[in-house]
Amino acid sequence: MAAGNWWRRHAVELILNAATILAVPPIAMWAWERYQDGIRQFGLGELVSRLAGNGGWTDIGWEVASAVGLVRGDYSAYDSLEVLHPLIGMDVTFVDLSAHSHPPMSLPLGLPLVPFDYGTWLAYWVIGALLMIAWSMRLLNVPAHIAYPLAVVIALSVPGRWGLVSTYPVSALLVAWAWRSRDRWLSGGVAYGLFGATRGIGLVLLAYPLVRRQWRTLLVAAGVVLGLLAIAVLLERDVITTWLTSSRASIEASMQRPDLLTVGSIFRRYGYPEFLAWVVAAIVGLIAWRRGSNLFWVLNWAILAVSPIAWFHTIVLAVPLLVMVWRSGRLGQVVVFVVAAASMTQLVDPYVVLVFSIGWITFIVASAVALLGGCVGTEQGDPRKRWSY
């Protein structure tokens, strides 16, 4: 479908999206002022409070605070959260000495929000993130009457509420956009580049256009990544060195946390080298690709499987893959129900820690089963093919 026809077809939907983003924060502010106690009783106090412009601690706030550190000569983008959070007025109720772990090319993406009041832009971010979740499904041709209600359900869940104040909805949208634009070198290259910039490990997805010999797509993606990296280096000369030291220490500290249940952290916990996660992911990925699952989605799964840091709300990033898993057949639909059930599970140790991440490791294992079943990412009704692109 030509770009012009696509915009005309979705014009009303996009206008309604924009109207929703503009209208929800003022309505939330009005409701919060009048019905705060009742809203809290329904368990939605934190969500509505943020929509009303009251701020609070957020992952996305940390991203923007790091961007402020990037442009302030007396700070570094990789100073600890304890140092950076006052720069945007983010109220942190606990002391976090860890540093930002995302690569330097992700930092300039937070710069557009730096001039604005934290509580104000956060309110619009939250409702925008809900719509990003919906559009990560719409770009995969999920009907509007399913995508929007499902996005609301996700947003009201515990992982979803945390996901709304992170960059995970953006990353999910970029994955869906990259798939939608997989045969368009310009838009596809931008999507790959931005996804790789926001999560450094996301650069693995560039293996897809590489295998398909889409050289212009690769050049655009590389241009996006290198351009963002150049901006970061111009603003903070030693940003790469600082990232390699501070972020490594931050990741090492996170890997010791009992509520982190990624493949790598589990291997480490039982005394196995962390790189085995890459070996296992490579073996599973190759078998799944050979059995007919599309290489794009195999790589998407592998990126998630080898990620050293992933929390219970990282599941928002997996929405596009779960859409494709659902479409792969009955096995895939069972997998999605299992992942959904696990993501809603909370194991609470009131004396030590809140362990939410069981949903994440369940997703990694269950979606691997679906990929090994073949046909993830192929059109419905298509026969299973080896080396599916």
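Laboratory data are not the source of any read-out in this text; all were calculated from the coordinates shown. Just so you know, these numbers come straight off a predicted model, no measurement behind them. Please note: Cβ atoms are built from the backbone with ideal geometry, for glycine as well, and neighbour counts cover all protein chains shown.
Compared with the alpha-carbon gap, the fully stretched path from V152 to A253 is longer by 33.0 nm at 0.36 nm per residue. Under a model in which nothing but the beta-carbon of Lys, Arg (+1) and Asp, Glu (-1) is charged, the range 5-130 shows a dipole of about 560 debye around its Cα centre.
As a proxy for reagent exposure, H10, H85 were ordered by neighbouring Cβ count within 10 angstrom, fewest first; the result is H10, H85. Assuming charge only on the beta carbon of Lys and Arg (+1) and of Asp and Glu (-1), the dipole of the chain about its Cα centre is about 1860 debye to the nearest 20.
Across the range 195-204, rounded Karplus estimates of 3J(HN,Hα) from the backbone phi angles (6.51 cos²θ - 1.76 cosθ + 1.60, θ = phi - 60°) give 5, x, 6, 6, 10, x, 5, x, 5, 4 Hz, Gly and Pro being marked x.
In the range 1-255, Cα pairs under 8 Å separated by at least six residues give a relative contact order of 20 percent.
Of the residues W215, Y192, W30, the one whose Cα sits farthest towards the positive end of the charge dipole of the chain is W215 (charges of +1 on Lys and Arg Cβ, -1 on Asp and Glu Cβ, taken about the Cα centre).
For the pair S80 and L234, label points projected 7 Å from Cα toward Cβ lie 3.3 nm apart.
Gap in Å between the Cα centre of the range 213-260 and the Cα centre of the range 262-281? The two parts, judged by their Cα centres, are 22 Å apart.
Look at T217, T120 and count the other Cβ atoms within 10 Å of each Cβ; fewest to most, that gives T120, T217. From least to most packed, judged by other beta carbons within 10 angstrom and beginning with the fewest, D59, D37, D183 follow the order D37, D183, D59. Of the Cα atoms belonging to the range 226-380, the radius of gyration and Dmax stand at 17.5, 53 Å.
Normalised by 2.2 N^0.38 Å, where N counts its residues, the alpha-carbon radius of gyration of the chain equals 0.97.
Note on the chain: with a GNM built from Cα contacts shorter than 10 Å, the maximum mean-square fluctuation among L44, L295, L304 falls on L44. From the Cα gyration tensor of the range 1-144, with a ≥ b ≥ c the square roots of its eigenvalues, which class applies: rounded if a/c is under 1.5, or else prolate if a/b is larger than b/c, or else oblate? The shape class here is oblate.
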